[in-house]
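A.B. asks: My questions all concern the structure below.
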Amino acid sequence: MVNLKNLLMQKLRQSFSGNWRVIVIAVLATVISLIAFSMGEKQVTIVVDGERINVATYKSSVKDVLSSANIEVGQKDKVLPGLEHRIKDDMEITIKRAFPITIKVEDKVLNITTSEDTVEDVLRSEGIVVNEKDKVYPGLKEMLTVNKEITIVRVTEEIITKSDTIAYKTIKQTDNNLEKGATKVIRDGVDGERITTIKVTYENGKEVARETVSQTIKKAPVDKIISVGALSWFMPSRGGEKVYYVKKLRMKATSYTVGPPHTPTTSGITASGMKVKRDPNGYSTVAVDPNVIPLGTRLYVEGYGYAIAADTGGAVKGNVIDLYFPPEQMGRSWSTHYTNVYILK
């Protein structure tokens, strides 16, 4: 190289004179020095497989240096700087060998080699797209190691709507005008309709969760109304039709009459203004405590028959009822005892 430089200088001195010759010679000398420097021997360190290898080389690119050093580079190996990078003195070349890992995505298992650093890097290099809701195990920033297993769970969501029936309720109301045990439909029930919006979550195509987003009542249900009879009844012991009553009392039943020798008066006018009477085929008059049975109440007294609460008496207090009999029937028609008294509808 020195001989070439001297030869060129000699030719230039012969061809140029004066200042021009000095300038041209200086420029060419610089260029020749640069070429000589670039083609000179350089010291390079190669870091590979845990070793540091120092080499002296005249090669101009990373690729050529590695080739001359008999260092093979696999397709997935990572070389820094790149293979086409130009060599500089004291340069360090690092080779990261590819290692095996496994990627599980949906129903596929990919066994690959890589020299990438993180989970995110290898997925990007392999062209595997991770959507916002997808799950990646381990995390995207996890460092890769030999035989690392990466699992990607594809997460998708679907919005669905469904219609379901709102069953009507049955409301039962007491009806004192209806015979006990009987029922009557006052209003038929009508089912309603509800629209529910649901978010369904799938992992790798399998449903894993459902979440109710909203509910709307499209049609409100109409309750069914049924009247339930509360009117009790019984059959008189002497026969006849049903007797309907609203209340049953257990009372001490006594008897009374009007006129001598039983009473000094013979008017027979009761406290309610009615005249006393005994009518086996109709309503007889009886005396009651108005605090228990109001005057004017229609009754049925077992063993006595139909009656009307028309009178009061000094001895008639609480659950006591005093039954009227004509004077000629006193003493042989009734003896004091407890009996059932029905307050009629």
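A.B. asks: Can you pull out every residue in segment 138-158 that is under 12 Å from Phe99 (Cβ atoms), of a type in the set (A, V, I, L, M) and touching a Pro at 6+ places or on another chain (Cβ under 9 Å)?
C.D. replies: Val146
A.B. asks: Also, quick follow-up: Any residue that is at pLDDT below 95 and among the β-branched types (Val, Ile, Thr) - is there at least one of those in segment 319-330?
C.D. replies: No, segment 319-330 contains no residue that is at pLDDT below 95 and among the β-branched types (Val, Ile, Thr).
This table checks each residue for (1) over 60 Å from the mean Cα position of the chain (by Cα); (2) among the polar types (S, T, N, Q); (3) buried (at least 16 other Cβ atoms within 10 Å of the Cβ).
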| position | (1), (2), (3) |
| --- | --- |
| Ala287 | yes, no, yes |
| Arg298 | yes, no, no |
| Ile308 | yes, no, yes |
| Phe325 | yes, no, yes |
| Gln329 | yes, yes, no |
| Asn340 | no, yes, no |
| Lys345 | no, no, no |
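A.B. asks: So, one more: Residues that are of a type outside the set (Ser, Thr, Tyr), over 30 Å from Thr165 (Cβ atoms) and in contact (Cβ under 8 Å) with a residue 40 or more places away in the chain: list the strands (runs of 3 or more DSSP E) wholly contained in segment 182-298 that include at least 1 such residues.
C.D. replies: 192-203, 224-234, 243-256
A.B. asks: Looking at segment 102-125, which of its residues are assigned to a loop (DSSP other than H, G, I, E, B) and surrounded by fewer than 16 Cβ atoms within 10 Å (Cβ to Cβ)? It would help to see each step written out before you state the result.
C.D. replies: Looking only at segment 102-125, we keep the residues that are assigned to a loop (DSSP other than H, G, I, E, B), and these are 106-107, 115-117.
If the condition is that a residue be assigned to a loop (DSSP other than H, G, I, E, B) and surrounded by fewer than 16 Cβ atoms within 10 Å (Cβ to Cβ), then Glu106, Asp107, Asp117 are the ones that fit.
The values are calculated or read from the model by the stated rules, or taken from the named source; none is laboratory data. Bear in mind that the values here come from a model prediction, so they are computed numbers and not experimental data. Here Cβ is always computed from backbone atoms with ideal geometry, including for glycine, and neighbour counts include all displayed protein chains.
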